Amino acid sequence: MIRENLEQVEKNIKEACRKAGREREDVTLIAVSKTKPVELLQEAYNYGCRDFGENKVQELVDKFEVMPKDIHWHMIGHLQTNKVKYIVDKVALIHSVDSIKLAETISKEAVKKNVTVSVLIEVNVAEEESKFGTTLKDAIALVEQTAKLPGISIEGLMTIAPYVENSEENRQYFAALKQLAVDITQKNIDNVNMNVLSMGMTGDYITAIEEGATYVRVGTGIFGERHYQLS
Ligand SMILES: *Cc1c(COP(=O)(O)O)cnc(C)c1O
């Protein structure tokens, strides 16, 4: 089941890259494995997945401990400052930096553990009430402030687009995030790269690739629907 899903996703990514005149290697698929048991992650790993996305610190750490060591772990969920210390030396990339307070905490813990943590600035492009992320308007200031901190390296931007039936509706948000990355690049800020654009989920990753995504975060399209337990 997971193999078939991954084959389909891979086909879609290839086709989107071809349409957009991009190389397949320019897009990395992140298998979003939140709520899924490690047996299913292992299936995706066996297929060839080496990038996994989780949105809860405890779950990421638990899976990190038991899964193979050559996996790149991506923290894609909202991150509380008091939990930063558990993951700074385990994650390849934190996608969800949305405040200077969080950036400062990541910096402090990174220095303590003598690592450099790669991060993305999360932008709530569509300005949805329910979502985390800085606004388009405040993003540049947050990038400038974060860039000054030791132990932290800004690699690009991330957005979570609205849930829509027709992914075309989200094209404008992906294009706006790309434009912001271009604007920031032109500012030539020290210690800032805008090589990464993390955008696109199961419902809209094809559109996101057409608009320049370098990381797509696909959960349902690989692992099937999530069943959340009441707790
Ligand atoms: C859950 C999640 C995804 C994956 O969503 P699907 O629609 O299942 O592909 C992607 N990004 C973030 C930030 C998520 O929390």
Task: Number of the exception - Ser96 against (1) small (Gly, Ala, Ser); (2) within 16 Å of the ligand (Cβ to nearest atom); (3) farther than 19 Å from Ile206 by Cα; (4) in contact with a helix residue (DSSP H, G or I) (Cβ under 6 Å, 6 or more places away or on another chain) - done: (4)
TODO: Could you tell me whether Ala126 is within 16 Å of the ligand (Cβ to nearest atom), of a type in the set (A, V, I, L, M, F, W, C) and either in a loop (DSSP other than H, G, I, E, B) or surrounded by 21 or more Cβ atoms within 10 Å (Cβ to Cβ) (or both)?
DONE: yes
Task: Candidate set from the stretch 68-86 (those that are more than 18 Å from Ile222 (Cα to Cα) and in contact with a Phe, Trp or Tyr (Cβ under 8 Å, 6 or more places away or on another chain)); member that is nearest to the ligand (Cβ to nearest atom) - done: His78
Task: Scan of the stretch 213-222 for residues that are open to solvent by less than 10 Å² (accessible area, probe 1.4 Å) and away from the ligand (no atom under 11 Å from the Cβ), ordered by number - done: Ala213
Task: Every residue from the stretch 157-196 that is part of a strand (DSSP E or B) and more than 16 Å from the ligand (Cβ to nearest atom) - done: Val192, Asn193, Met194, Asn195
Open item on the list: Given the criterion surrounded by fewer than 16 Cβ atoms within 10 Å (Cβ to Cβ), farther than 22 Å from Asp26 by Cβ and among the hydrophobic types (A, V, I, L, M, F, W, C), identify the matching residue among Val182, Val164.
Closed with: Val164
TODO: Determine the pairs where a residue that is within 30 Å of His227 (Cβ to Cβ), located within the stretch 19-35, has a partner that is small (Gly, Ala, Ser) and part of a strand (DSSP E or B) with Cβ atoms under 8 Å apart, the partner being 6 or more residues away or on another chain.
DONE: Ile30/Gly53; Ile30/Ser198; Ala31/Gly53; Val32/Gly53; Ser33/Gly53; Lys34/Gly53
- [ ] Quick one: count up the residues across the stretch 197-212 that are within 14 Å of the ligand (Cβ to nearest atom), open to solvent by 10 Å² or more (accessible area, probe 1.4 Å) and either touching a Phe, Trp or Tyr at 6+ places or on another chain (Cβ under 6 Å) or not acidic (Asp, Glu) (or both).
- [x] 5
Open item on the list: Go through (1) within 24 Å of Leu60 (Cβ to Cβ); (2) buried (at least 19 other Cβ atoms within 10 Å of the Cβ) for Gly151 and report which single condition fails.
Closed with: (2)
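The values are calculated or read from the model by the stated rules, or taken from the named source; none is laboratory data. Since this is a predicted model, take the numbers as computed values, not measurements. All Cβ positions, even for glycine, are placed from backbone atoms using ideal geometry, and neighbour counts span all protein chains on display. Side chains are part of the model used for accessible areas, which takes the heavy atoms of the whole protein and leaves out ligands, DNA and RNA. Shrake-Rupley method; radii C 1.70, N 1.55, O 1.52, S 1.80 Å.
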